[in-house]
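The values are calculated or read from the model by the stated rules, or taken from the named source; none is laboratory data. Note that this is a predicted model, so its numbers are computed, not measured. Here Cβ is always computed from backbone atoms with ideal geometry, including for glycine, and neighbour counts include all displayed protein chains. What goes into the accessible areas is simple: the full protein's heavy atoms, side chains included, and nothing from ligands, DNA or RNA. Shrake-Rupley method; radii C 1.70, N 1.55, O 1.52, S 1.80 Å.
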Amino acid sequence: MPRRPPGRTSLAVMCGIVGYAGYRPALDVVMDGLSRLEYRGYDSAGIAVVADGKLAWTKRAGKLANLTAALAERPPLVGTVGVGHTRWATHGPPTDPNAHPHTDCTDHLAVVHNGIIENFATLRAELKDQGHHLTSDTDTELVAHLLEEEMATVPDGPGTGLPRPGALATAMRTVCQRLQGAFTLVAVDVRDPEAVVGARRN
């Protein structure tokens, strides 16, 4: 998805995935989108919001009501960029750790995913060998860690100490070249805070 132009907002809804970059509270927009997707069926749900240089996320197995209850028990996820997901389990059973979104080792980025990554086992073994801490049984989590690796190689913008604008899109393109299968991916990153990036194959 493109970076939002000044004065514009972006909302994308696809296959149990909602991404938003705009000026309204992302939590409200994304949760509304997820509620509209309930009719498709799912076994878990989650949301991540980028705000003030941090990533805040909550996810729960079961119905959207479980996610809503969990959100009510914590400080509000305040921010205007976010992503949410309703999941049917493929890799791993429907549990809280397997629900989307998935994050990297540093909690800088969050990823949601539909589809199947066929070279899951090979990539998982590689990431474990590199010292990544994997907390779920899913193929989706691998994408978060692959993006983490790519974001670490992106040059900083002049004088910012942060990756250049568009870094997340560049990282996503590179990661997708390593993935086998059919999938839709959407990601957000605190280091590219106005972008919601999506990718789809087949």
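Between Arg24 and Arg40, with labels modelled 7 Å along Cα→Cβ, what's the label distance in nm to one decimal, could you check?
Distance between the two pseudo-spin positions: 1.9 nm.
What range in the chain is the longest one free of chymotrypsin sites (Phe, Trp or Tyr not before Pro) that are in a loop by DSSP and have at most 13 other Cβ atoms within 10 angstrom? Don't jump to the answer; show the numbers that get you there.
On the way: sites that count: Tyr23, Trp88.
Value returned for the longest uninterrupted segment is 89-202.
Could you go through the range 138-151 in sequence order and give the Karplus-derived ³J(HN,Hα) for each residue, using 6.51 cos²θ - 1.76 cosθ + 1.60 with θ = phi - 60°, rounded to whole Hz, and x for Gly and Pro?
Once θ is set to phi - 60°, the couplings for the range 138-151 become 8, 7, 4, 4, 4, 5, 4, 6, 5, 5, 4, 4, 5, 4 Hz.
For Cys176, what charge total do you get from the other residues with a beta carbon under 13 Å from its beta carbon, if Lys and Arg give +1 and Asp and Glu give -1? Write down the numbers at each step before the final one.
On the way: positive: Arg173, Arg178, Arg200, Arg201; negative: Glu150.
Spelling it out: positives minus negatives among the neighbours equals +3.
Among Gly92, Gly33, Gly62, which one moves the most in a GNM of the chain with springs linking Cα atoms closer than 10 Å?
Highest fluctuation among the options: Gly92.
Going by the alpha-carbon gyration tensor, a ≥ b ≥ c the square roots of its eigenvalues, is the range 43-202 rounded (a/c under 1.5) or, if a/c is not under 1.5, prolate (a/b greater than b/c) versus oblate?
Details: a/c = 1.76, a/b = 1.10, b/c = 1.59.
Oblate is the answer for the range 43-202, as a/c is 1.5 or above yet b/c matches or exceeds a/b.
Have a look at the range 128-202 and give its Rg and Dmax from the Cα atoms, expressed in angstrom.
12.9, 39
How far apart, in nm, are two points set 7 Å out from the Cα along the Cα-to-Cβ line at Thr90 and at Asp129?
Each label point lies 7 Å from its Cα, and together they span 2.5 nm.
Rounded to the nearest 0.05, what FRET efficiency is calculated for Thr153 and Ala182 with R0 set to 30 Å and r the Cβ-Cβ distance? Write down the numbers at each step before the final one.
Numbers: r = 27 Å, r/R0 = 0.89.
With R0 = 30 Å, the Cβ-Cβ based efficiency is 0.65.
For the pair Asp52/Ala70, report the inter-label distance in nm, with labels modelled 7 Å from Cα in the Cβ direction.
2.2
Hey, what's the range 87-202 come to in accessible area per residue, 1.4 Å probe, Å²?
Numbers: 5120 Å² over 116 residues.
It amounts to 44 Å² per residue over the range 87-202.
When the accessible area of the chain is computed with all protein chains present and a 1.4 Å probe, what percentage of it is carbon and sulfur?
The computed percentage sits at 53.
If contacts are Cα pairs under 8 angstrom and at least 6 residues apart, what is the relative contact order of the range 53-202 in percent? Display every interim value, and only then the final one.
Values: 236 pairs, mean separation 38.8, N = 150.
The value is 26 percent.
Rounded to the nearest 0.05, what FRET efficiency is calculated for Asp32 and Asp107 with R0 set to 30 Å and r the Cβ-Cβ distance? Spell out each step's value before the answer.
Working: r = 25 Å, r/R0 = 0.84.
It comes to 0.75.
At 222 nm, what value in deg cm²/dmol follows for the chain if DSSP H runs of at least 4 each add -39500 (n - 2.57) and the sum is divided by all its residues, to the nearest 500?
Working: 5 runs with 52 residues, N = 202.
Computed ellipticity for the chain at 222 nm equals -7500 deg cm²/dmol.
Can you spot the lysines whose alpha carbon is less than 24 Å from Lys128's alpha carbon? Ignore those fewer than 8 places along the same chain.
Lys59
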